[in-house]
Structures are given as C-alpha cells and as structure tokens.
1. Out of 364, 337, I need the residue that is out of contact with any strand residue (DSSP E or B) (no Cβ under 8 Å at 6 or more places or on another chain) and modelled with pLDDT of 95 or more. Which one?
2. I'm told residue 193 meets every condition in (1) part of a loop (DSSP other than H, G, I, E, B); (2) farther than 25 Å from residue 307 by Cβ except one. Can you identify the failing condition by its number?
3. Are there any pairs with C-beta distances below 6 angstrom linking a residue in the stretch 31-43 that is of a type outside the set (D, E, K, R) to a residue that is away from the ligand (no atom under 16 Å from the Cβ), with the two at least 6 apart or on different chains, and if so which?
4. Tally time: how many residues in the stretch 112-132 are in contact with a helix residue (DSSP H, G or I) (Cβ under 7 Å, 6 or more places away or on another chain) and within 16 Å of the ligand (Cβ to nearest atom)?
5. Restricting attention to the stretch 371-387, report how many residues are open to solvent by 10 Å² or more (accessible area, probe 1.4 Å) and either of a type in the set (A, V, I, L, M, F, W, C) or within 15 Å of the ligand (Cβ to nearest atom) (or both).
6. Within 16 Å of the ligand (Cβ to nearest atom), open to solvent by 90 Å² or more (accessible area, probe 1.4 Å) and either more than 25 Å from the chain's Cα centre (by Cα) or of a type in the set (A, V, I, L, M, F, W, C) (or both), is that true of residue 14?
7. If you go through the stretch 201-227, how many residues are open to solvent by 20 Å² or more (accessible area, probe 1.4 Å) and part of a loop (DSSP other than H, G, I, E, B)?
8. Inspect the stretch 364-376 for any residue being under 21 Å from residue 25 (Cα atoms), in the same structural domain as residue 31 (by TED's automatic domain parsing) and in a helix (DSSP H, G or I) and give the result as yes or no.
Amino acid sequence: MFETIEAAPRDAILGLTAAFREDKRPEKINLSVGVYQDESGKTPILDCVRAAEQRLADEAASKSYLPISGNGEYGEVVRQLAFGAEHEAVQSGRIAFAQTPGGTGALRVAGEFLRTNVPQATLWLSEPTWPNHPNIFQAAGVSLQTYPYFDQASNSLAFEEMLAAIAKIPAGDAILLHGCCHNPTGIDPTVAQWNQIADAVHARGLIPLLDFAYQGFAEGIDQDAAGLRALARPGAELMVCSSFSKNFGLYRERVGALCVVCPKSDTVVAVQSQLNRVIRANYSNPPAHGAAIVNCVLRDGALRSGWEDEVAMMRNRINGMREQFVDQLAEHGVPGDYSFIAQQRGMFSFSGLTKEQVDALREDHAIYAVGSGRINVAGLTPANIGRVAKAISEISS
Ligand code: LMR
C-alpha cells in the first residue's frame, strides 16, 4: 500500500533548515527559520534558564503525568504575563487554560476547539501570514479565508483595507491576529490602530484568536501585550496562543499555552472540559520540562529580572542589526530605499526579495531565506552582515 505514496513537499521554513544542514559550503548562512542567534552566531541557552534547570534538577520529585491541561501554577503565571496580573479577566477567573507543546500545539488545540464547538466559524488569516497557519487549521478541519494586511508599495500595514475587510466578515467567524512582531512582515499596528481593530472585531461579533509568539521582541514585555489588552474587554471572548520558544530560547522544549477568555467565569468549566477533550485525543497531556522552567523563572524575583534583561538584550541586538543592515545595503549600492527594515519589529524582515532572488542567494551564495523574501534578522551578525549585503547587491544588479 505504501509504494504508491508520493513525497510531500518540503516545509516552507523547516524544510529550508533541513536543506541548510545538508549544505556542505562552509560559508553558509541561515536566515530562514526564526531562531535567535547571538553575535557569534550561536543560539544560546539563557542564563535564567540554566539556573532554573539546575534548581529543577535538584528539586525534582516525580515524573508522573501532568493534568490534561498542564501545570496549574504555570497557568497562573502565563495568564499574568500575557494579560497583566491585575487584568479584570484574570481577576474574575474567566480564562480557561491549557499548557501546550509549543505555540503550534496551542494553535492546533484552538483550531480543533473551534471546529468542534463553533463549527460554522470560518477563520480569517492575514495575507501574508506564517506558512504553517494554513497547515495547522486545515489539519484541524477549520475553513479558512484571508484579509489584507500588507501594502507592498509602501512596505507598511494596509490598515484601511484591513479594517474594511473586517467590517465585512460574517458575525460569528474567527479572525487570527499576530499579537506582536507580525510573521512574516515585521509590521505591527500602533496602539491606536489596535484599539480600532478591537472596536471593529467586537462590533462585528468575531472571535479574535491571537498568535502571541514573540512577547518582548518588539518594544518590551508589557508593551507587546497592547494588542491583546485592547481586545480583552469586559465580557469579550478571546483566544490567545502563547509560545516561549523565542523569548525563553526554549525552542526544542516545546512550551506554549492556550488561554480562552470566556464571557463569564461560569462558562469556564464547560470550555475547559472541551479543551481537555481535544488534548486527551491528541497528546493526552503536555510535556512538563519547558513549562516548569518558565514557571520557575517567572516566580523568582531574581531569575525574572535576569530574564527581562536577557529578552531586552536579544531585542536590542536584533534592532541594532536592522539599522546596520539598512546601512550595509546602501554601502553595497543595492538599489532602492530599505529604511523600512529598521522600522519593522521582531525577528523578521519582509525584504522585498523575489522568489528568484531568494533562490539565487541560496544557490550562488549559500544564504538561506524564506521563499516569500522573509529574512530572519536575528540570524545576522557583525561577521556575516557585510557578506549578506554584498550578495544581495550582486543578485539585484
Ligand atoms: C518561523 O516562522 O521561522 C518560526 O516560527 C519557526 C517555525 O516553526 O516556523
């Protein structure tokens, strides 16, 4: 039976990392997958994570199963980090919660929860979006549509088009918004625009689903929750998928979370039971280690302040690389104005490179970027940035 199976296409992002690993050219540079690298090109384990792991190893009591929805203490700190400890939704206990294997796991649980409990809802994705979004929601059986997000001519948010599209989405549908550091464009709404988006989403009676994978990488840990907090209004429903891959550097530990904000606290029991049903049939209960680290760091004053410093250090390094990249492109005579790269936020820059140019960068220069032209700015270093700019100048001429 298996002999007739055709090979699936390579994944748009992780498939490139696999090709990068196979590439024998020593000068190769990976600017595809969203993984932070320090100045020396390494993806470090954060100091706060090492300290927490040591403490957890010393204190480990059991490897028995966690509850289906995960570690309750972790649930408390994650709600507080995302919403703010004093937020009405946190205080009134109207947030159902699941610890999930990464942000991807949270999105998949959210998708299956929607398909089973709000089966008529279509989910609207930004155009463009993370290429794994359609994969995840199609696999969950959710029907999909798109709304405009990016204005290519001005390299900015297509805000009016986005609002006009939201105003036409049928009531009861769901809309996926990127909480900060939009992937792949690096372009986020301002706080004032977030308030208008929240007005439009709630006026239309839509279910907002926030993909919140980069908290702390745009402006700051609290500032980056502005969109979430604009949407989390009294009595309003909201789903939030968090990831701690990037801001704790815990990529391979697969640690994420799903918060489902219910209209009233007495709705939480039913919603929680439906989340648990989805999870039990998928992976039964979550892996413990990554969430235990996040819980340990966020509950300890010294570790938490160390973590905040380390997030700021990563954010500042990326923003510094953005400025230098703009300068280097100009110095190497790449035609056009690339100053927009310095305005974008998070790991990614939508560079404007065409698919053919991305292919030429990979084939002729061993530089890997995503086919959409997305570059992982967090993969640029003082040692490689000049070569990247030079290669772009060569493929642009
Ligand atoms: C990315 O967009 O590169 C990251 O979110 C990693 C991934 O899984 O695709």
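1. 364
2. So the condition that residue 193 fails would be (1).
3. If the second residue must be away from the ligand (no atom under 16 Å from the Cβ), the pairs left are 41/381.
4. 2
5. Qualifying residue count for the region: 3.
6. Taking the combined requirement at face value, the residue satisfies it.
7. Total satisfying the criteria: 4.
8. yes
The values are calculated or read from the model by the stated rules, or taken from the named source; none is laboratory data. Bear in mind the structure is a predicted one, so any value in this text is a computation, not a measurement. In this analysis, Cβ positions are derived from the backbone assuming ideal geometry, glycine residues included, and neighbour counts consider all displayed protein chains. With ligands, DNA and RNA removed, areas are computed over all heavy atoms of the protein, side chains included. Shrake-Rupley method; radii C 1.70, N 1.55, O 1.52, S 1.80 Å.
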